[in-house]
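A.B. asks: First the structure, which I've put down as structure tokens, then a few questions once you've had a look.
The values are calculated or read from the model by the stated rules, or taken from the named source; none is laboratory data. What you see is a predicted model; the values in this text were computed from it and never measured. Here Cβ is always computed from backbone atoms with ideal geometry, including for glycine, and neighbour counts include all displayed protein chains. Accessible surface is based on the protein model in full, side chains and every heavy atom, while ligands, DNA and RNA are left aside. Shrake-Rupley method; radii C 1.70, N 1.55, O 1.52, S 1.80 Å.
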Amino acid sequence: MPSTPTTRLIRAAHTADTITVYQAFPPEIAEPAAAEGRFPEAFKRDRMTWIKPSFLWMMHRSDWGRSPGQERVLALEISREGFDWALERAVLSAYTGRVHDSQAAWKRELRQSPVRVQWDPERDLHLRPLDHRAVQVGLRGEAVRRYADEWIRRISDVTALAERVRVERDPGLLPVETAYPVGAAVAARLGAATA
């Protein structure tokens, strides 16, 4: 992974129309999702679901797809329009004085927003924390419904890739993740850098 400055910058595999995010599920959700290109009934739409644009952060979170209930890692190509909709409505999961007017205002926004954003240390090929941050986007309510029913363009099971990267530790196997462009207003709202 190339050297990157310490910052909160959304890095992802993306095209002109889509951005790839990762989630890990048990086989009963992941297998039909990958086969049919949409989530099965077993996918819970009434709870928050977290999507991660960073492949290595997903590997850290799921222990390379070996954690119970996270045995299958999915790459979900979703519309940039949908992802941007989520970012425009997102609220940081923790109060930050330089972003929020007050703690009370932050709590009010957090209760009302269907999207949360959390910044966690990015990981290297050995899953050691790096200085820069990876974004996680939590979706609930309307955002989960839009994600599951409107935004998904393609679902791929990348569990075998996760295992190959774990064993070989070859950076050439990693998805190419570059800076994802966000506008100044979204960047300010999320405490992020603009691409």
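A.B. asks: Between Arg47 and Ala160, what length comes free when the chain is fully extended (0.36 nm per residue of separation minus the Cα-Cα distance, one decimal in nm)? List each step's numbers first, then the result.
C.D. replies: Values: separation 113, 0.36 × 113 = 40.68 nm, distance 2.78 nm.
Gain in length upon complete extension: 37.9 nm.
A.B. asks: What are the principal axis extents of the Cα atoms in the range 1-62, in Å, biggest first?
C.D. replies: Between the extreme Cα coordinates on each principal axis of the range 1-62 lie 42, 27, 21 Å.
A.B. asks: Still on this model: Could you run the Karplus curve 6.51 cos²θ - 1.76 cosθ + 1.60 with θ = phi - 60° over the range 141-152 and give me ³J(HN,Hα) per residue in whole Hz, x for Gly and Pro?
C.D. replies: Once θ is set to phi - 60°, the couplings for the range 141-152 become x, 4, 5, 4, 4, 5, 4, 5, 9, 10, 7, 5 Hz.
A.B. asks: Another one. Ala105 to Leu127: extension gain in nm, 0.36 nm per residue of separation minus the Cα-Cα distance? Numbers along the way, then the final one.
C.D. replies: Values: separation 22, 0.36 × 22 = 7.92 nm, distance 3.54 nm.
Gain on stretching Ala105 to Leu127: 4.4 nm.
A.B. asks: How large are Rg and Dmax for the range 17-109 when only the alpha carbon atoms are used, in Å?
C.D. replies: Rg then Dmax for the range 17-109, in Å: 15.7, 46.
A.B. asks: Shape call for the range 87-166 from the C-alpha gyration tensor, a ≥ b ≥ c root eigenvalues: rounded (a/c under 1.5), prolate (a/b greater than b/c) or oblate?
C.D. replies: In terms of gyration-tensor shape, oblate.
A.B. asks: Calculated from DSSP H runs of 4 or more alone, at -39500 (n - 2.57) each and per residue, what is the 222 nm mean residue ellipticity of the chain, nearest 500? Don't skip to the answer; put the middle values down first.
C.D. replies: Details: 7 runs with 60 residues, N = 195.
Calculated mean residue ellipticity at 222 nm is -8500 deg cm²/dmol.
A.B. asks: Rolling a 1.4 angstrom probe over the protein heavy atoms, how many square angstrom per residue are accessible across the range 1-148?
C.D. replies: On the way: 6980 Å² over 148 residues.
Heavy-atom accessible area per residue stands at 47 Å².
A.B. asks: Right, next: Could you work out the per residue convex hull volume over the alpha carbons of the range 121-195, in cubic angstrom?
C.D. replies: Values: hull volume 10.5 nm³, N = 75.
About 141 Å³ per residue, rounded to a whole number.
A.B. asks: State the label only: which of (1) 18.8, 65; (2) 21.9, 80; (3) 16.2, 48 corresponds to Rg and Dmax of the Cα atoms in Å computed from the shown model?
C.D. replies: (3)
A.B. asks: Using a probe of 1.4 angstrom, how much of the accessible area of the chain is carbon and sulfur, in percent? Could the numbers behind the result be given before it?
C.D. replies: Values: 4410 of 9550 Å².
That fraction is 46 percent.
A.B. asks: To continue, here is another question. Between Ala75, Gln136, Ile29, whose Cα lies farthest towards the positive end of the dipole of the chain when Lys and Arg beta carbons carry +1 and Asp and Glu beta carbons carry -1, centred on the Cα centre?
C.D. replies: Gln136
A.B. asks: Top mean-square fluctuation among Val167, Val99, Val21, Gaussian network model of the chain, C-alpha springs under 10 Å?
C.D. replies: It is Val167.
A.B. asks: In the Gaussian network model of the chain, springs joining C-alpha atoms below 10 Å, which of Ala162, Ala86, Ala104 carries the largest mean-square fluctuation?
C.D. replies: Fluctuation is largest for Ala104.
A.B. asks: With θ taken as phi - 60° and the coefficients 6.51, -1.76 and 1.60, list the Karplus ³J(HN,Hα) couplings across the range 174-179 in order, rounded to whole Hz; mark glycine and proline as x.
C.D. replies: My calculation for the range 174-179 gives 6, x, 7, 10, 10, 4 Hz in order.
A.B. asks: For Gln23, list long-range residues whose amide hydrogen, built 1.01 Å from N in the peptide plane, is under 5 Å from its own amide hydrogen.
C.D. replies: For Gln23, the qualifying residues are Leu74, Leu76.
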